[in-house]
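The structure appears right after this line, and notes come after that.
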Amino acid sequence: MKEQFKIVKPCNKHELENTPSENIFNCIMCKKEVIDLTHTTIFELNSQIIVAKNCCVKIRPHQLNMINQILSNSKKAVILSTAIATISTSCNRNIIQNFGEDYGKVTIDKHSKEQNGELSRTIEGRIVDASRGEPIIFAPIRIPNTEFEVLSDVEGKFRFELPENVTDNQLIQFDYIGYYRLEIEVSKIKGKQIIVNLGEGPAIGYLELINE
């Protein structure tokens, strides 16, 4: 049996207001204090999460993963493995744009082939959860300041042709409820087959240390 920090029931109905303390908010909906841990480094998190236990918190998914690794391994090993993962990720030639550990990234699908002629204005690919790799279905894809919008299908896949009036320096927006929004220039993905990895937004809820 191992111990793990978890937000068993993330709160979907919250409205936070500032307090004099920089990292503490009041929830207007439930009248509880919410401790914001999203800007806490992994070194600080190790001590601060003990204080936040059995409280309402705002925390990023990767922070919870890291602190639970610390519970089961040594801090040194966890930090070392994180550094190795960061190095290996930064060397990945398939990455078109990395938005940061929490936010997600856009990569070239390994089966992608460069398109020419009319197909060069076609964009296709998949939208997936950045941490689990699961498809995100019916995720909207938009071009800001236009009426253009398409949705990913039940496998997270999409394929569309750019409207004639869309230029290379315009942005394409990938979005879904509960995830960070990613925006990338048309020129970077036009004529390519891509994988859009969306990162989950911070979870808000009651943080518990439970036995599994």
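Structural remarks
- Peptides ranked, highest mean first, by Cβ atoms within 10 Å: ranges 51-60, 23-32, 176-185: 51-60, 176-185, 23-32
- Bridgeable aspartates and glutamates around Lys192 (alpha carbons under 13 Å apart, same-chain partners fewer than 8 residues away excluded): Asp109, Glu114, Glu118, Glu124, Glu161.
- Taking all pairs of distinct alpha-carbon atoms in the range 94-198, Kirkwood radius in angstrom: 13.6 Å
- Packing-based ranking, highest mean first, of 160-171, 196-207, 132-143 given that Cβ atoms within 10 Å are counted: 196-207, 132-143, 160-171
- Pairs exceeding a 32 Å alpha-carbon distance, out of Lys13/Lys157; Lys9/Lys190; Lys13/Lys105; Lys2/Lys58; Lys58/Lys105; Lys53/Lys188: Lys9/Lys190; Lys53/Lys188.
- Under 16 Å from Lys31, Cα to Cα: aspartates and glutamates that are on another chain or at least 8 residues apart: Glu15, Glu17
Bear in mind these aren't lab numbers, they're just calculated from the coordinates by the rules spelled out. Quantities reported herein were computed from a predicted structural model and do not represent experimental measurements. Heads up, the Cβs are rebuilt from the backbone with ideal geometry, glycines too, and the neighbour counts pull from every protein chain shown.
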